[in-house]
Amino acid sequence: MSWSELIGAGIVLGVLSILIEAAYRDRLGGVGRALYLMMALPLAWWAGPQHVGPLLEQVAPPLSASTSLTPYDRASERVYARLDQVPEWRQRTRGLSRADKDKLGFELSQKGSARLDDESIQFLAVWLREALADVGAPACAAMLRGTATPAQIRQALEKLDRASLEAYMDASFSAVVAELKEVQAPKVSSGEHEAAARALLERVPKDWRPRLLNILRMPRFRSDEEVCWAGRTVTYYATSLSDRDQRALMRAIVQ
């Protein structure tokens, strides 16, 4: 018996109990109540699954389906529901399997990050700091090099609290739409990038600066541990910068 049929039987039994109690409250003794239950239970067992259960399934999703989804899965489903309202997405994904949609969505969100508005790009700075702090060196370095797999991104997202996860999903949705609609990426001058870099270095401890600069100049030839350390250092201090410097620094990273 499914959850809806079982609940339906309980509802019918409850309704019968209310009706019997209302009509015969003063007349039912112990024996009478026992006889009542002997009649009511079979009726509830028959009527609940047959009539109330199907109605419940129409107004609520199966319990097993809803409880088996992780917070990440539920947030992802909400993103797909929103994307299905975007004509460009429907056109690009017509005939694709779910796995192919996942791959396309991931690629579009990566490419579209540079097209995000200022508020979303600043949130990515906070998210990146939290994500890099909670994953191992290989995944951390892959995220910084732009080679992270969907599985590695999911691993990082599943460690976030609900509010941060939802905010990231909102930013991801915006990035996909921005890429599909070819939204013009905000311009940041080289002077703004340099000013943001100087502001960042002023916050980094002096004895860390030579090592940090050496890694950032040639990250391809550095180990995952070194790249991860540099990324964690940059994102940790980046979130303490002014809004202008923070945006300039993050746009340099995503570009």
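The values are calculated or read from the model by the stated rules, or taken from the named source; none is laboratory data. All values reported here derive from a predicted model rather than from experimental measurement. Neighbour counts are summed over all protein chains in view; Cβ atoms, including those assigned to glycine, are modelled from backbone coordinates with ideal geometry. Heavy atoms of the whole protein, side chains included, go into the accessibility calculation; ligands, DNA and RNA do not. Shrake-Rupley method; radii C 1.70, N 1.55, O 1.52, S 1.80 Å.
Filter the range 171-197 down to residues that are free of Cβ contacts under 8 Å to residues at least 24 places away in the same chain and in a helix (DSSP H, G or I) and give me whichever is surrounded by the most Cβ atoms within 10 Å (Cβ to Cβ).
This residue is Glu194.
The conditions are (1) surrounded by fewer than 16 Cβ atoms within 10 Å (Cβ to Cβ); (2) assigned to a helix (DSSP H, G or I); (3) touching a helix residue (DSSP H, G or I) at 6+ places or on another chain (Cβ under 8 Å), and Glu119 fails exactly one of them. Which is it?
(3)
Look through the range 86-105, keep the residues that are in a helix (DSSP H, G or I), over 17 Å from Ser76 (Cα atoms) and not basic (Lys, Arg), and return whichever of them is most open to solvent (accessible area, probe 1.4 Å).
Among residues in the range 86-105 that are in a helix (DSSP H, G or I), over 17 Å from Ser76 (Cα atoms) and not basic (Lys, Arg), the one most open to solvent (accessible area, probe 1.4 Å) is Gln91.
Please go through (1) in a helix (DSSP H, G or I); (2) touching an Asp or Glu at 6+ places or on another chain (Cβ under 9 Å) for Leu160 and return the number of the only condition it doesn't satisfy.
Of the numbered conditions (1) in a helix (DSSP H, G or I); (2) touching an Asp or Glu at 6+ places or on another chain (Cβ under 9 Å), the odd one out for Leu160 is (1).
Taking the stated definitions as given, is Arg162 touching a residue at least 12 places away in the same chain (Cβ under 8 Å), under 16 Å from Phe123 (Cα atoms) and exposed (fewer than 14 other Cβ atoms within 10 Å of the Cβ)?
Yes.
Restricting to the range 198-217, and then to whatever is closer than 24 Å to Ala139 by Cβ and open to solvent by 100 Å² or more (accessible area, probe 1.4 Å), can you tell me which residue is nearest to the chain's Cα centre (by Cα)?
Per the stated criteria, the residue is Arg217.
Take the residues of the range 218-242 that are charged (D, E, K, R) and in contact with a helix residue (DSSP H, G or I) (Cβ under 7 Å, 6 or more places away or on another chain): which is surrounded by the fewest Cβ atoms within 10 Å (Cβ to Cβ)?
Only one residue tops the list, namely Glu225.
Please determine whether any residue of the range 142-157 is modelled with pLDDT under 85, part of a loop (DSSP other than H, G, I, E, B) and either closer than 26 Å to Arg90 by Cα or not hydrophobic (A, V, I, L, M, F, W, C) (or both).
yes
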